[in-house]
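Trainee: There's a structure below that I have some questions on.
The values are calculated or read from the model by the stated rules, or taken from the named source; none is laboratory data. Just so we're clear, the structure is a prediction, and the values are computed from it rather than from any experiment. Cβ placement follows ideal geometry from the backbone for every residue including glycine, while neighbour counts extend to all protein chains displayed. Each accessible area value is taken on the protein alone, full model and side chains, heavy atoms only, with ligands, DNA and RNA left out. Shrake-Rupley method; radii C 1.70, N 1.55, O 1.52, S 1.80 Å.
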Amino acid sequence: MLTISTGNNAVAAAVRRVKPAVVAAYPITPQTEIVEQIANYVADGSLDTRYIPVESEHSAMAACIGASITGSRTFTATSSHGLLYMNEMVNWAAGARLPIVMANVNRALGPGWNVWAEHTDSLQARDTGWLQIYVSTVQEAYDAVVMAFRIAEDRRVYLPVMVNLDGFTLSHITQQLYVSDIDGFIPPMELDHRISPDDPHGYGCMTGPQDYFRIRYDIERSMRESYAVIQETEKAFADRFSRSYGFTDEYRCEDADVLVITLGTLGKEAEVAVDMLRDEGIAAGSMRIRWFRPFPPLDTRDRELVVIDRDYSFGCGGILADAIRAQTKRDCFSVIAGIGGQEVTYRDIAGFVRDRRIGEEYWFGVDA
Amino acid sequence: MSGLQETEYILKCTSACAGCSTSLILRHVLAAAGPDTVLVIPACCTSVIQGVYPKTSFRIPVYNVAFAASAAVASGMSAAFEAMGKKTNVIAYAGDGGTVDIGIQALSGALERETNFLYICYDNEAYGNTGMQRSGSTPLGARTTTTPEGKGHKKKDLDRIVAAHSIPYMATACSAYPKDLAGKVEKALATKGPAFIHVLAPCPPGWRYPAEKTIEMGKLAVKTGVWALYERMYETVVISGPTKAAMIKPTPIEEYIKPQGRFKGITPETITTIRLDSERMLRRLAAEEEGSC
Ligand SMILES: Cc1ncc(C[n+]2csc(CCOP(=O)(O)OP(=O)(O)O)c2C)c(N)n1
Ligand code: SF4
Ligand SMILES: [Mg+2]
């Protein structure tokens with residue numbers, strides 16, 4: 001069925017189809033509509049879920065952990081300060097191998113208070129053991145949430161998945177959205193280590209270095225296995241719903257001499273910039289990174305790289321640029337742009353490409 | 001009264017200190033709760049008593065979780081079990097630090113949302129796990145490693161905070177009165193909605209008295225009126241037998257304070273303050289009981 005929807009409502013609509021047993025969440029701009037819409041679905045009977053309106057994000061993730069360990073499908077959503085406030089439990093969820101799905105609506109961090117898009121919030125959580133995907137359209141937000149549950153709950157993975165969408169530039173914009181019956185796409189959740197009085201175990205016990213080391217390595221092993229699970233899931237999704245996705249979203253990359261690499265909605269803006277540059281005779285391409293964890297293998301060959309970071313790691317650099325350099329063993333032109341919701345148009349992006357200085361970092365809009 | 005240690009749910013030789021009432025309380029709680037029970041514990045002495053992976057000292061599943069999170073984790077678990085139609089008891093068992101300090105927000109939220117669970121705070125009046133630092137529940141005048149001269153602030157009144165949530169069942173108990181405790185656990189678990197029990201847990205290394213005096217110390221707390229045993233069903237208060245007796249003929253408070261090394265050097269004025277506060281609490285309870293009957 002073709003409808004129109006905002007990014008936030010698409011997330012809620014996907015949750016309604018996926019039918020988690022428990023949702024625990026706490027409101028924060030710009031995620032609020034997700035929790036409100038889910039509350040409406042529960043109230044009008046169109047979603048049979050236990051909705052726990054917790055008193056904080058720490059408790060939101062804690063309640064998800066308590067629910068998930070019983071073997072129940074669980075969802076939450078947050079943004080920026082909420083994600084930071086729940087950070088202890090975010091790490092716990094992955095360490096406890098719980099297939100919780102969370103939507104994070106990317107937003108800047110205070111001070112000063114700023115509700116606009118930025119990726120530093122979720123990128124700070126990149127080392128937690130969560131899988132992370134960054135989406136760029138309303139449809140992709142919906143599809144990613146549906147697939148996230150299947151990926152997380154696969155016993156080769158058993159790790160939580162964070163679906164990231166840009167605050168306002170995706171959460172609050174309206175686009176077309178196909179929603180369809182997803183019955184059977186996600187198998188019933190089976191958690192091998194679920195808590196049950198029928199088979200008592202200790203969970204989260206004190207653990208010595210030898211066992212702890214092995215348990216942490218198991219997380220990495222599952223991360224590595226998740227590549228295949230993601231591919232299988234995206235293939236199955238494409239076969240059934242005719243919308244295909246990959247680790248990256250590439251536009252006119254095949255014959256490109258220079259690639260613009262982005263996360264989130266900037267990737268869509270970059271596609272327009274690429275068309276403009278091609279008209280000028282510059283063979284540009286756009287490579288939008290979708291999965292940040294696990295970080296994908298990239299085919300950049302010998303092309304020049306312009307990486308746009310809507311985030312920053314102080315004392316180091318753009319977090320995406322850092323990951324690209326590590327993955328490709330090649331330097332790039334690192335552009336820091338869009339921080340705190342700063343407007344970045346396709347014209348600006350075309351300018352970054354034209355004026356690229358490989359090996360340098362450039363803060364857009366800052367007089368050096 | 002059924003259940004009093006008919007079955008042991010804690011295995012022998014845990015890493016609890018000699019004379020530890022925390023593990024004693026757990027024995028009685030679990031015996032009263034039975035096998036269809038899941039325990040949620042935050043970081044505290046109990047998370048040490050649980051043992052080291054891959055072993056466990058419990059016969060029931062124990063979910064050991066982050067310090068501030070036990071009431072919220074129990075909320076999620078309780079909701080999920082309900083959704084499955086399971087009647088499993090969800091019991092959060094947390095120390096005083098994990099309750100009155102870092103966990104108070106999650107506890108308050110879970111009570112306000114009428115979570116169907118039992119929250120037990122075992123109160124050894126300090127942070128035992130990390131080596132006896134003060135908590136909000138440490139009494140006035142007690143020495144801890146962070147109050148080396150004796151605590152300058154009063155014990156936080158957790159029970160009145162919980163009572164302000166107007167829940168169907170709450171009670172206080174003490175490890176020295178196991179039958180009273182077990183009976184309260186049974187009532188709490190029979191309650192639909194949130195139930196709360198605050199158990200005084202004398203602690204030999206923390207309170208600095210010989211391990212064999214754990215029961216005596218608990219009895220003295222109640223007999224002197226420093227600790228009161230009662231139940232509260234919404235606004236209805238029922239004072240328990242041992243405290244009723246203490247109200248008629250209290251033991252002098254010095255008998256409780258003097259044997260404890262943590263009160264070394266306490267001034268007569270501080271003792272008077274503790275006594276007056278205890279008397280005020282008992283008068284308030286008596287008035288509430290009268291008013292509510
Ligand atoms: C966020 C966080 N801060 C601090 C700690 C360290 N810590 C672990 S247990 C504990 C004290 C526990 O005291 P209490 O709740 O009274 O339980 P007890 O150890 O006395 O049984 C502290 C401070 C922690 N685990 N997590
Ligand atoms: S410190 Fe106190 S409460 Fe903790 S295990 Fe020892 S005796 Fe028990
Ligand atoms: Mg304590």
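Trainee: Quick one: which residues, 5+ away or cross-chain, put their amide H under 5 Å from the amide H of A:GLN132? H built at 1.01 Å from N.
Mentor: Hits under the 5 Å cutoff: A:MET162, A:PHE292, A:ARG293.
Trainee: Report the label-to-label distance for B:GLU8 and A:ASP239 in nanometres (one decimal), using points 7 Å from each Cα along the Cα→Cβ vector.
Mentor: Those two pseudo-labels are separated by 5.6 nm.
Trainee: What accessible surface, in Å², does a 1.4 Å probe find on A:PHE295, ignoring ligands, DNA and RNA and rounding to the nearest 10?
Mentor: 30
Trainee: In a solvent-free Debye calculation with one equal scatterer on each Cα, what is log10 I(q)/I(0) for segment B:208-272 at q = 0.15, 0.19, 0.25, 0.27 Å⁻¹, listed in the order of the q values?
Mentor: -0.55, -0.78, -1.05, -1.12
Trainee: Still on this structure: For q values of 0.06, 0.07, 0.08 Å⁻¹, compute log₁₀ I(q)/I(0) with the Debye formula on a Cα-only model of the protein assembly as shown, without solvent.
Mentor: Taking Cα atoms of the protein assembly as shown as identical point scatterers yields -0.40, -0.53, -0.66.
Trainee: B:GLU254 to A:THR345: FRET efficiency via 1/(1 + (r/R0)^6), r the Cβ-Cβ distance, R0 51 Å, to the nearest 0.05?
Mentor: 0.05
Trainee: From largest accessible area down, sort B:CYS20, B:CYS174; use a 1.4 Å probe on the protein chains.
Mentor: From most accessible down to least: B:CYS20, B:CYS174.
Trainee: Counting other Cβ atoms within 10 Å, which chymotrypsin sites (Phe, Trp or Tyr not before Pro) in segment B:201-293 have at most 14 and lie in a DSSP loop?
Mentor: Here the sparse-neighbourhood loop sites are B:TYR234.
Trainee: What are the principal axis extents of the Cα atoms in chain A, in Å, biggest first?
Mentor: Each principal axis gives a Cα extent; for chain A these are 67, 51, 45 Å.
Trainee: How fast does segment B:1-157 diffuse by Stokes-Einstein, in µm²/s, taking the Kirkwood radius from C-alpha pairs at 20 °C and 1.002 mPa s?
Mentor: 132
Trainee: State the dimensionless ratio Rg/Rh of chain B (Rg: radius of gyration of Cα atoms; Rh: Kirkwood radius).
Mentor: Over the Cα atoms of chain B, Rg/Rh equals 0.94.
Trainee: Top to bottom by accessible area (1.4 Å), largest first, where do B:ARG160, A:ARG278, A:ARG290 land?
Mentor: I get B:ARG160, A:ARG278, A:ARG290, largest accessible area first.
Trainee: Okay, moving on. Project the alpha carbons of segment A:211-368 onto their principal axes and report the range along each, largest first, in whole Å.
Mentor: 51, 41, 31
Trainee: On to the next question. Roughly how crowded by other chains is peptide A:50-61, in terms of the mean Cβ count from those chains within 10 Å of each of its Cβ atoms?
Mentor: Partner-chain Cβ atoms within 10 Å, mean over residues of A:50-61: 6.
Trainee: Taking θ = phi - 60°, what integer Hz values does the Karplus form 6.51 cos²θ - 1.76 cosθ + 1.60 yield along segment A:94-100, in sequence order, with x for Gly and Pro?
Mentor: Coupling constants for segment A:94-100: 6, x, 7, 6, 10, x, 6 Hz.
Trainee: On to the next question. Please figure out what share of the DSSP beta bridges in segment A:248-363 is antiparallel and state it in percent, rounded to the nearest 5.
Mentor: Around 25 percent of the beta bridges assigned by DSSP in segment A:248-363 are antiparallel ones.
Trainee: Hey, which lysines would be in cross-link range of A:LYS329, C-alpha to C-alpha under 29 Å, not counting anything within fewer than 8 residues on its own chain?
Mentor: A:LYS268
Trainee: What does the charge count around A:ALA67 come to, taking other residues whose C-beta lies under 14 Å from its C-beta (Lys +1, Arg +1, Asp -1, Glu -1)?
Mentor: My count for the surroundings of A:ALA67 gives +4.
Trainee: Sticking with this one: How much net charge surrounds A:ASN106 when only other residues with a Cβ under 11 Å from its Cβ are counted (Lys, Arg +1; Asp, Glu -1)?
Mentor: -2
Trainee: Just read off the accessible area of A:LEU84 with the full protein assembly in place, 1.4 Å probe, to the nearest 10 Å².
Mentor: That residue has around 70 Å² of solvent-accessible surface.
Trainee: Aspartates and glutamates within cross-link reach of B:LYS244: Cα-Cα under 16 Å, excluding same-chain residues under 8 positions apart?
Mentor: Correct list for B:LYS244: B:ASP180, B:GLU231, B:GLU279, B:GLU288, B:GLU289, B:GLU290.
Trainee: Got a number for the accessible area of B:LYS213? Probe 1.4 Å, square angstrom, nearest 10.
Mentor: Using a 1.4 Å probe on the heavy atoms, I get roughly 70 Å².
Trainee: Let me know the mean shielding of B:35-42 by other chains, meaning the per-residue number of their Cβ atoms within 10 Å of its Cβ.
Mentor: Going residue by residue through B:35-42 and averaging, the value is 4.
Trainee: Let me ask something else about it. Note the direction-averaged projected area, equal to a quarter of the hull surface, for the Cα convex hull of segment A:1-136, in nm².
Mentor: The number I arrive at for segment A:1-136 is 8.2 nm².
Trainee: Now for a separate question. Give me a single rounded figure for B:54-66: the average over its residues of other chain Cβ atoms within 10 Å of their Cβ.
Mentor: Going residue by residue through B:54-66 and averaging, the value is 6.
Trainee: Let me ask something else. 222 nm [θ] for the protein assembly as shown, helices only, -39500 (n - 2.57) per DSSP H run of 4+, per residue, to 500?
Mentor: -11500 deg cm²/dmol, from helical runs alone.
Trainee: Span-like helices, chain B: DSSP H, alpha-carbon axial extent 20 Å or more, mean Kyte-Doolittle -0.5 or greater, which ones?
Mentor: B:70-84
Trainee: Another one. Within 15 Å, Cβ to Cβ, of B:ILE49, how many net charges do the neighbouring residues add up to if Lys/Arg are +1 and Asp/Glu are -1?
Mentor: With Lys, Arg at +1 and Asp, Glu at -1, the neighbours total +3.
Trainee: From the phi angles alone, apply the Karplus equation (6.51, -1.76, 1.60; θ = phi - 60°) to segment A:62-71 and give each ³J(HN,Hα) in whole Hz, x where the residue is Gly or Pro.
Mentor: Each residue's phi maps through the Karplus curve to give 4, 5, 4, 5, x, 6, 4, 5, 7, x Hz.
Trainee: Related question: Ordering B:LEU276, A:LEU83 by accessible area with a probe of 1.4 Å, largest first, what comes out?
Mentor: Output order, biggest surface exposure first: B:LEU276, A:LEU83.
Trainee: Please give the Cα centre distance for segment A:348-368 versus segment B:37-96, rounded to the nearest Å.
Mentor: Their Cα centres are 53 Å away from one another.
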